[in-house]
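The values are calculated or read from the model by the stated rules, or taken from the named source; none is laboratory data. Quick caveat: nothing in here was measured; it's all calculated off a predicted structure. Neighbour counts are summed over all protein chains in view; Cβ atoms, including those assigned to glycine, are modelled from backbone coordinates with ideal geometry. For accessibility, only protein heavy atoms count, side chains too; no ligands or nucleic acids. Shrake-Rupley method; radii C 1.70, N 1.55, O 1.52, S 1.80 Å.
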Amino acid sequence: MDGMRARYGVPLGITAVGAAGLAYAACFEVRSFRLRRITVPVLPRGMRPLRVLQVSDIHMVSGQRKKQRWLQSLAGLRPDFVVNTGDNLSDPEGVPEVLDALGPLMEFPGAYVFGSNDYYGPKPRNPARYLLEKASGKHGLNGNPPVVGAIHNPWTELRDAFDAAGWVGLSNTRGRLKLEDIEIALTGLDDPHIKRDRYAEVAGGPESGADLSLAVVHAPYLRVLDAFAADRYPLILAGHTHGGQLCIPFYGALVTNCDLDARRVKGLSEHQAGGHTSYLHVSAGCGTNRYTPVRFACPPEATLLTLTPQTP
């Protein structure tokens with residue numbers, strides 16, 4: 001009997017800890033919604049601060065009532081404008097619930113880009129493939145063969161509703177938001193994760209005549225960040241990474257699901273290219289793929305960015 005304890009005690013203990021961690025990740029943390037607050041000094045001197053709410057990677061699945069209520073509650077922050085950095089869906093039937101969740105926020109000025117999960121429905125996937133893709137340097141359709149038999153999501157319904165609310169679509173195009181006496185110029189790209197980005201169509205840097213220019217994209221691939229930074233955009237907003245989703249406490253993320261380094265998988269950092277430095281904010285997002293509904297050491301989030309004047 002003593003020998004049996006010695007042989008099976010440690011494996012059983014590891015199994016119990018693993019099961020407890022999985023239960024925490026699937027039942028608690030994935031629904032433990034947070035608001036991240038950061039300050040970014042990117043405005044011209046003398047300009048009043050602006051409050052920007054970034055929502056990302058909602059990955060809505062029918063029946064996610066708590067997520068819907070939490071997103072609705074964010075309207076109480078009264079942002080100056082909203083930026084949605086894509087991947088709203090993880091269910092072809094989820095469009096009405098996305099629009100219900102975002103309805104109060106659509107009363108504010110806003111802009112949006114789409115991610116791959118807005119266009120295509122998810123499939124079951126072995127999480128270990130993210131580590132293999134990191135090792136090989138291939139992510140999404142970047143270096144991988146085209147997707148076959150994909151489920152097509154009703155993304156045009158999202159687009160039409162966002163447009164009807166006055167939100168500015170930024171898929172490989174430019175747009176502007178007017179906030180009383182302030183004009184914001186925005187430059188956006190379609191999702192680099194599935195090679196829909198066309199930087200040549202928006203190249204040239206910030207527009208003249210605007211009080212502030214921002215860059216927006218779903219997946220923060222280095223080719224895109226390099227182009228935006230070299231064109232001297234002061235701030236780039238992105239999502240896609242889920243903050244690593246399954247992280248190691250006191251260590252951080254193992255993968256980013258793109259070629260961005262894990263150190264910058266979420267939050268505010270800097271990106272340098274072409275002799276210029278831009279701020280980069282990557283949202284960890286508030287959802288998950290429907291087939292991997294877990295988060296560990298990486299709570300779901302939205303971000304309220306307070307933009308302030310640059311320091312001398």
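With respect to Asp226, is the statement that it is surrounded by 17 or more Cβ atoms within 10 Å (Cβ to Cβ) and of a type in the set (Asp, Glu) true?
Considered against the rule, which asks whether it is surrounded by 17 or more Cβ atoms within 10 Å (Cβ to Cβ) and of a type in the set (Asp, Glu), Asp226 comes out as no.
Residues checked against (1) under 19 Å from Gly86 (Cα atoms); (2) surrounded by fewer than 20 Cβ atoms within 10 Å (Cβ to Cβ); (3) among the basic types (Lys, Arg); (4) more than 13 Å from the chain's Cα centre (by Cα):
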| site | (1), (2), (3), (4) |
| --- | --- |
| Gly267 | yes, yes, no, no |
| Glu270 | no, yes, no, yes |
| Thr277 | no, yes, no, yes |
| His281 | yes, no, no, no |
| Thr288 | yes, no, no, no |
| Ala302 | yes, no, no, no |
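Is it the case that segment 165-177 has a residue that's out of contact with any strand residue (DSSP E or B) (no Cβ under 7 Å at 6 or more places or on another chain) and outside any loop (DSSP other than H, G, I, E, B)? Scanning segment 165-177 turns up no residue that is out of contact with any strand residue (DSSP E or B) (no Cβ under 7 Å at 6 or more places or on another chain) and outside any loop (DSSP other than H, G, I, E, B).
One line per residue, one yes/no per condition, for (1) at negative phi; (2) in contact with an Asp or Glu (Cβ under 8 Å, 6 or more places away or on another chain); (3) open to solvent by 70 Å² or more (accessible area, probe 1.4 Å); (4) not polar (S, T, N, Q):
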position: Gly137; (1), (2), (3), (4): no, yes, no, yes
position: Glu157; (1), (2), (3), (4): yes, no, yes, yes
position: Ala161; (1), (2), (3), (4): yes, no, no, yes
position: Gly169; (1), (2), (3), (4): yes, yes, no, yes
position: Arg176; (1), (2), (3), (4): yes, yes, yes, yes
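Among the strands (runs of 3 or more DSSP E) confined to segment 25-134, the ones with at least 1 residues that are among the aromatic types (Phe, Trp, Tyr) are located at 81-84, 110-112. Just one of Ser56, Ser73 is of a type in the set (Ser, Thr, Tyr), modelled with pLDDT of 95 or more and surrounded by fewer than 17 Cβ atoms within 10 Å (Cβ to Cβ); which is it? Within the list Ser56, Ser73, the selection yields Ser73. Looking at (1) without any contact (Cβ under 8 Å) to a residue 12 or more places away in the chain; (2) more than 30 Å from Arg48 (Cβ to Cβ), which is the only condition Ser208 fails? Going through (1) without any contact (Cβ under 8 Å) to a residue 12 or more places away in the chain; (2) more than 30 Å from Arg48 (Cβ to Cβ) one by one, Ser208 breaks only (2). Just one of the listed residues (Ala200, Ala229, Ala219, Ala185) is under 15 Å from the mean Cα position of the chain (by Cα) and either at pLDDT 95 or above or part of a strand (DSSP E or B) (or both), and it is Ala219.
When segment 125-135 is filtered for residues that are surrounded by fewer than 11 Cβ atoms within 10 Å (Cβ to Cβ) and at pLDDT below 85, the ones remaining, listed by number, are Asn126, Ala128. Can you say whether Ile236 is under 25 Å from Tyr120 (Cβ atoms), open to solvent by 30 Å² or more (accessible area, probe 1.4 Å) and touching a strand residue (DSSP E or B) at 6+ places or on another chain (Cβ under 7 Å), as far as the supplied structure shows? Spelling it out, it is not the case that Ile236 is under 25 Å from Tyr120 (Cβ atoms), open to solvent by 30 Å² or more (accessible area, probe 1.4 Å) and touching a strand residue (DSSP E or B) at 6+ places or on another chain (Cβ under 7 Å).
Among Thr306, Thr256, Thr241, which is the only one that is buried (at least 22 other Cβ atoms within 10 Å of the Cβ) and touching a Lys or Arg at 6+ places or on another chain (Cβ under 7 Å)?
Answer to the check: Thr241.
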